[in-house]
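Notes to accompany the following structure.
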Amino acid sequence: MEHEMPAAHAQAGSQIAAAVDAISHDGGQLAAAAVAAGQPGRQAMRWTSVMSSFVLRRFCLLISTGVRTDKGFKEVHLNQVARDLKEFSGNEVTGQQVYNHLHKWRQRWTRVSKLRDLSGSLWDEDNFMITLEEEHYKGHVKAHPKDADLLNKPIENYQYMEVIFGTECATGKFAMGSSEALGSPSDFAESSLKHLEDDIGKLFEEVGKKQEGGGGGSGSGSLAGNKRKRSSLSDEDITIMTSMAAAVNNVADAIRETKAQDEHPDLYEAVMFMPGFSEEALIVAYSHLLDNRAQGGAFVKMNESHRVLWLKTFLAKHYSP
């Protein structure tokens, strides 16, 4: 028995050594497995403002290439941003951590959008700042202390948030909450129009059924009943309903055309490949031109010297490195 104990210890020691080798070889997978099993794993990510700006800027670039789907960003792109951030900061980052951080900025954008609609608030376009008069500000911050970081001071990464989440501004039952998937809301507008078109179609069908109904009688009584039912829909009613259907179709066509022409096909290359400017400065200019289609189209048509002049003028006013 005394001779068997050292052998057992030796076997246990070799198993521990093998486990240590496995951890050093593939620590990421083992840490993920530990978290999934409810065991302590990777420590919570500590995000700096520089890291946040880097990640948001990368997502803006991804959007400009058209890779975002209606359901949001694919896992491959989240992992791509995580790898880029690892190279930039030297920290171990997963795609899930990047997704979670993006979701926090999505919630922040929701707060910004609500504060911009606050009664008495003003929007400073030059400094990307929501302003309130002093007394209003004091009263609001006293009631809502967490809003202090978004009022009467420039909003951090506002332009990046606008590019990533800005198209999600909707109202009523089609408004997207901060807990929903990070996707494109353009389909919501089309969906609402489709429901309206269906409602109008059902209305016509119901009227037609009412006109055809009540034909079971005979003689003059039945004829008089049919006349009364036909007269329940006047020419004026028909005109109004027809106009409603035409208006809905026109709006639907306009939204589909707008969706298809959101950006000039050559805008990204025209802006992002300009020499002499940092990538961050160019994405700021690109974000602005995306929001202003007329300026974006004009920029594409400029020669290179005019583009340089426009960028220098715009960035001097709207960008500070």
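All of the numbers you see were taken from the coordinates with simple rules; none came from a lab. Since this is a predicted model, take the numbers as computed values, not measurements. Counting neighbours? That spans all protein chains shown, and the Cβs are built from the backbone with ideal geometry, glycine included.
When the residues of segment 265-300 are filtered to those that are touching a residue at least 12 places away in the same chain (Cβ under 8 Å) and over 19 Å from R58 (Cα atoms), which remaining residue is surrounded by the most Cβ atoms within 10 Å (Cβ to Cβ)? Ranking the qualifying residues of segment 265-300, first place goes to F299. N91 fulfils the conditions (1) in a helix (DSSP H, G or I); (2) among the polar types (S, T, N, Q); (3) under 28 Å from K146 (Cβ atoms) except for a single criterion, (1). Mind checking whether some residue in segment 116-125 is in a helix (DSSP H, G or I) and either at negative phi or surrounded by 14 or more Cβ atoms within 10 Å (Cβ to Cβ) (or both)? Yes: segment 116-125 contains one or more residues that are in a helix (DSSP H, G or I) and either at negative phi or surrounded by 14 or more Cβ atoms within 10 Å (Cβ to Cβ) (or both).
Contact map, segment 115-136: first residue farther than 15 Å from D149 by Cα, second residue of a type outside the set (K, R) and in a helix (DSSP H, G or I), Cβ cut-off under 6 Å, separation 6 or more or different chains; pairs are G120/H136. Which residues, counting only those in segment 50-66, are farther than 11 Å from L85 by Cα, without any contact (Cβ under 8 Å) to a residue 40 or more places away in the chain and assigned to a helix (DSSP H, G or I)? Across segment 50-66, the qualifying residue is only L62.
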